Structure formats: structure tokens, C-alpha cells
Amino acid sequence: FRKDIQRGEAFLAKENGSAAMRMYDSALQKRPGHPKAELGMARALILEGEPAAAIELLDEALVEVSATSAPEGGLVSSLEWHLALAWIQLAEDQNCIGHHNAASCLLPVTKEGIHTRPEAARRAGDVLVDYAGRHPRNVQAAWLLNVVRQVSGDWPDGVPENLRLPAVAGVQKRH
């Protein structure tokens, strides 16, 4: 089991998602539902462009980990971070690829750049509000939160004041 996890991590480091998936699949066959193996598999799925499958796996892993009497904080944070990334990838797939226009995926986000299908970006934002609230010094989380709230059309009201970054590239008030 441990060797499968280690090999999976090594393949992820080399950005070889398909090989990592094989290692995590092997680990999950040995220990079904193991949260660290599920996290690794989800990371590989994200890398391979399968965010919906990653979201399902990460949601299940978060429920399992949260149900334990003393959930490991670092594992919960990692699961949440990757869940937000999977939602962001799904939002981009649905909007920047599926509904592309001249303003798609450009900063600053203009009215034309707001997603026509904002649900996935909103879900990413919901995860990031919780994550950034617990990790207020994580500038990446705050920046991503502000950007996903922009593309979902929920900025600035969808970002708590203490996490709002008015100077972030491209953030413009919509009201």
C-alpha cells in the first residue's frame, strides 16, 4: 500500500496522471476508501482533465475524514484545496472551453467574461471561502476566491471583507 502511494506521488510530481491513477487504484484496491489514496487519485484525475470524477471522490473523502473523531487537519485542508481546484477546472471546462468568447479567461474580468454557467465557479468559491477563512494568510486561496467570485458574477459581495483583495489583478466592482 505504502509503495503504491509513494509511486503515485512520484508520478504526480512528474505530471504523469495516468500512471499515478494506476498506483492509486492499486492502493485503493488494498485499502478501499483510504482518504490519502483517494486524495492522490483525485489529484491524478484533475491532472488528467477529469474534474467531475475528482469532485465526487473528494466529496466522499471529506465526508469520511470529517466523520472521524479527530480528523487530521492537514488532510482535510488538502482535500478541500483540491476540491476547490477541481471545481475551478470544471468551471473552466464548461465556460472557457464550452462557451468561449473573446473575453473568456482574461484579466481583468469584464461583464462579457462572466461565466454563462456559473455554478461550478460558485461551488469553488464556496469551498474557498471556508478554506481561506481557516487559512487567512494563504494569499493563493484569497486570490483564487476573488477571481472565481468575479467569473461567477458574485464579486465583491461573495467575498468576505477580510478576504477581499481590491488590488488583485483584474478585480473590478460590478455594481
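Observations
- In the set W81, W87, only one residue is open to solvent by 40 Å² or more (accessible area, probe 1.4 Å), in a helix (DSSP H, G or I) and not polar (S, T, N, Q); that residue is W81.
- Residue in the stretch 28-39 that is open to solvent by 30 Å² or more (accessible area, probe 1.4 Å), under 22 Å from R134 (Cβ atoms) and not in a helix (DSSP H, G or I) present: no
- Checked against (1) in contact with a Gly (Cβ under 8 Å, 6 or more places away or on another chain); (2) β-branched (V, I, T); (3) assigned to a loop (DSSP other than H, G, I, E, B); (4) without any contact (Cβ under 8 Å) to a residue 60 or more places away in the chain, V109 meets all criteria but (4).
- In the stretch 141-157, residue farthest from the chain's Cα centre (by Cα) [restricted to those that are over 13 Å from P118 (Cα atoms) and not acidic (D, E)]: P156
- On inspection, R117 passes the criterion of being within 22 Å of A52 (Cβ to Cβ) and open to solvent by 20 Å² or more (accessible area, probe 1.4 Å).
- Meets criteria (farther than 20 Å from N162 by Cβ, within 16 Å of the chain's Cα centre (by Cα) and open to solvent by 50 Å² or more (accessible area, probe 1.4 Å)) for E112: no
- Within this structure, A13 fails the test of being surrounded by 21 or more Cβ atoms within 10 Å (Cβ to Cβ), at pLDDT 95 or above, out of contact with any Cys (no Cβ under 7 Å at 6 or more places or on another chain) and not aromatic (F, W, Y).
- Neighbours by Cβ (under 8 Å, 6+ apart or cross-chain): first from the stretch 154-166, under 18 Å from R137 (Cβ atoms) and outside any loop (DSSP other than H, G, I, E, B); second at pLDDT 90 or above and β-branched (V, I, T): L163/V129
- Taking every residue in the stretch 70-85 that is of a type in the set (D, E, K, R) and pairing it with any residue that is outside any loop (DSSP other than H, G, I, E, B), at least 6 positions away or on another chain, the pairs with Cβ-Cβ distances below 6 Å are E80/V127; E80/Y131.
- When the stretch 91-106 is filtered for residues that are polar (S, T, N, Q) and part of a loop (DSSP other than H, G, I, E, B), the ones remaining, listed by number, are N101, S104.
- Qualifying residue in the stretch 122-145 (condition: open to solvent by 40 Å² or more (accessible area, probe 1.4 Å), over 25 Å from L12 (Cα atoms) and in contact with a Leu (Cβ under 6 Å, 6 or more places away or on another chain)): no
- In the stretch 50-78, the residue that is surrounded by the fewest Cβ atoms within 10 Å (Cβ to Cβ) out of those that are within 15 Å of R134 (Cβ to Cβ) and under 12 Å from the mean Cα position of the chain (by Cα) is S77.
The values are calculated or read from the model by the stated rules, or taken from the named source; none is laboratory data. Everything numeric in this text was worked out from a predicted model, so none of it was measured. FYI the Cβ positions are ideal-geometry reconstructions off the backbone, even for glycines, and counts take in every protein chain you see. Heads up: the accessible areas ignore ligands, DNA and RNA and are worked out on the full protein's heavy atoms, side chains in. Shrake-Rupley method; radii C 1.70, N 1.55, O 1.52, S 1.80 Å.
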